[in-house]
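Novice: One structure, pasted below without further comment.
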Amino acid sequence: DAGVTQSPTHLIKTRGQHVTLRCSPISGHKSVSWYQQVLGQGPQFIFQYYEKEERGRGNFPDRFSARQFPNYSSELNVNALLLGDSALYLCASSILDRALSGYTFGSGTRLTVV
Amino acid sequence: AQRVTQPEKLLSVFKGAPVELKCNYSYSGSPELFWYVQYSRQRLQLLLRHISRESIKGFTADLNKGETSFHLKKPFAQEEDSAMYYCALSAQETSGSRLTFGEGTQLTVNP
C-alpha cells in the first residue's frame, strides 16, 4: 500500500491564480481531511469529507473548496491566491469519519504564492 | 471552541533522561486527545491516543480532566526520539472529526 498520496509535491503560483491539490487515500479509507500548516505552526483543519459528503469545514474563506470523488480521492481548490496561502497542505485519510479511527497523513503539497 | 496549547516550542534533554512534553487543552465537552509525531523528513504520524491507554515506543500520556492536560512522558529518552511532537484534540460533539493541533514541541535528545 502506497499510503496517502498527494500531488503535486511542490507548487509555485502567482497571487490571484487558482490552484488544485489532489489526494488519494489509503485503499479502503472513506474519509479524507485537509489541513493547512503554516511554517512554525501546527496543522489547521480546512475540510473533512466522508462518503463524498462534507462533514466539516474549518475557519477558512470561501476561496477554499473541496470535493470527494466516488473512488474517495479528493481535491482541494483555492481561488484568488494570496501570499498568506503559502503553506504545506496536508491530506489525511481514515476508515471512518472519526479521529479515533486514526488519521494517516500524506507528505503534503508545499504551495508557494509569489 | 477548542484550543490546544503546547507551552514549549523547543525541548532539549540528554539521552537516558526523563522527558515530559506538556499539553493543555481548552474544551467544555468530552475531548479525544492524541499525540502525533513527525520525525525528520517523514510524515506526520499518530503516536498514541488517550482512549487506548497504551505505551508506544516507551511513551505514555494520561488525560487529566481536572487540569485539562495530556502530557507526554518517557522515563528514558533515546536519540531516536528527536522529532516534532504535536498534541491534538478532537471534539466528540461536533459533526465530522476535525483535529485541533497545538503548535508543536521540537524535542532534541542529545547523546
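All of the numbers you see were taken from the coordinates with simple rules; none came from a lab. A quick note: this is a predicted structure, and the numbers were derived from the prediction, not measured. Neighbour counts run over all protein chains shown; Cβ positions are idealised from the backbone, glycine included.
Novice: Across 5 Å bins from the origin, how do the percents of Cα pairs in chain A run, short distances first?
Specialist: Per 5 Å bin, starting at zero, the Cα-Cα P(r) for chain A comes out as 2, 13, 24, 26, 19, 10, 4, 1 percent.
Novice: Here's another thing I want to ask about it. Return the Rg/Rh ratio of the protein assembly as shown with Cα-based radii and a Kirkwood Rh.
Specialist: 0.97
Novice: Translational diffusion coefficient of the stretch B:3-110 at 20 °C, 1.002 mPa s, Stokes-Einstein with Kirkwood Rh over Cα pairs, in µm²/s as a whole number.
Specialist: 154
Novice: How do A:97, B:62, A:62 rank when sorted from fewest to most other Cβ atoms within 10 Å of their own Cβ?
Specialist: A:62, B:62, A:97
Novice: For residue B:15, which lysines qualify as cross-link partners when the Cα separation must be under 30 Å and same-chain residues fewer than eight apart are set aside?
Specialist: B:57, B:73, B:74
Novice: Under 15 Å from the Cβ of residue B:40, count the other residues' Cβ atoms, weight Lys and Arg +1, Asp and Glu -1, and hand me the total.
Specialist: -1
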